[in-house]
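Asks: Let me give you the structure first, and then I'll get to my questions.
The values are calculated or read from the model by the stated rules, or taken from the named source; none is laboratory data. Predicted model only: the values in this text are computed from it and were never measured. Here the Cβ positions follow ideal geometry from the backbone for every residue, glycine too, while neighbour counts run over all protein chains shown.
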Amino acid sequence: MIKKLLFGALLLLSSSAYACCDLQFSEAIVRAPMPGVPNAAAFVSIENKSLNAKQLISASSEVAERVELHNHIQEDGMMKMRRVASIEIQGQQTVKLQPGGYHIMLFGLNKSLKEGESVSFLLTFSDEQTHQVQAVVQDLMSQHQHHHH
């Protein structure tokens with residue numbers, strides 16, 4: 001029993017912040033899509049503890065056919081989502097992949113994502129470093145309900 005509790009606690013701790021080498025990952029979430037929608041967005045904070053800039057060049061996940069890096073841009077007075085080739089994290093800086101900015105898009109989900117589940121991502125950087133990140137699925141509808149009083 002104690003081993004199970006300890007393992008669970010360690011698993012929980014490891015999911016809140018991932019550290020390897022010069023990069024640290026935290027606040028990793030995937031927004032559960034509306035029913036019938038085959039795409040989802042993922043967000044994570046990436047802290048670069050080194051002095052050198054790092055380039056996130058790709059992401060992959062077993063839950064989606066295709067995973068792309070995206071950004072929201074203002075074009076002709078409208079917010080539009082655009083694919084980007086890379087996301088730069090300057091040395092000693094943190095970049096937050098978040099709604100309205102840089103994010104990871106999952107296209108062609110091969111399973112339904114339920115709140116509280118964990119989704120694994122492999123993030124690849126231009127220096128050929130790869131990092132496994134676990135993101136927790138959050139239900140968009142339950143988030144909206146918490147904000148309305």
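Asks: Residue under question is Q134, and the condition is that it be part of a strand (DSSP E or B) and at pLDDT below 95; does it hold?
Replies: Numbers: part of a strand (DSSP E or B): yes; at pLDDT below 95: no.
Answer is no for this residue.
Asks: Within the range 72-87, identify whether any single residue is surrounded by fewer than 13 Cβ atoms within 10 Å (Cβ to Cβ), free of Cβ contacts under 8 Å to residues at least 40 places away in the same chain and within 22 Å of D22 (Cα to Cα), and answer yes or no.
Replies: Yes, the range 72-87 contains at least one residue that is surrounded by fewer than 13 Cβ atoms within 10 Å (Cβ to Cβ), free of Cβ contacts under 8 Å to residues at least 40 places away in the same chain and within 22 Å of D22 (Cα to Cα).
Asks: Let me ask something else. V137: in contact with an Asp or Glu (Cβ under 6 Å, 6 or more places away or on another chain), touching a residue at least 40 places away in the same chain (Cβ under 8 Å) and hydrophobic (A, V, I, L, M, F, W, C), yes or no?
Replies: Working: in contact with an Asp or Glu (Cβ under 6 Å, 6 or more places away or on another chain): yes; touching a residue at least 40 places away in the same chain (Cβ under 8 Å): yes; hydrophobic (A, V, I, L, M, F, W, C): yes.
For V137, the condition - in contact with an Asp or Glu (Cβ under 6 Å, 6 or more places away or on another chain), touching a residue at least 40 places away in the same chain (Cβ under 8 Å) and hydrophobic (A, V, I, L, M, F, W, C) - is met.
Asks: Under 6 Å between Cβ atoms, which residue pairs at least 6 apart in sequence (or on different chains) link something in the range 13-35 that is closer than 11 Å to V133 by Cβ with a partner that is modelled with pLDDT of 50 or more and hydroxyl-bearing (S, T, Y)?
Replies: A17/S26; S26/S45; E27/S45
Asks: Would you please list the contacts, defined by Cβ atoms under 6 Å and residues six or more apart or on different chains, that run from a residue in the range 37-51 that is within 19 Å of E88 (Cα to Cα) to a residue that is assigned to a loop (DSSP other than H, G, I, E, B) and among the acidic types (D, E)?
Replies: The qualifying pairs are K49/D22; S50/D22.
Asks: Could you look through the range 92-117, keep only residues that are loosely packed, with under 13 Cβ neighbours inside 10 Å and not in a loop (DSSP other than H, G, I, E, B), and pick out the one that is farthest from the chain's Cα centre (by Cα)?
Replies: If we take residues in the range 92-117 being loosely packed, with under 13 Cβ neighbours inside 10 Å and not in a loop (DSSP other than H, G, I, E, B), then G108 is farthest from the chain's Cα centre (by Cα).
Asks: Among the residues of the range 33-59, which ones are modelled with pLDDT under 95 and either surrounded by 22 or more Cβ atoms within 10 Å (Cβ to Cβ) or β-branched (V, I, T) (or both)?
Replies: V37
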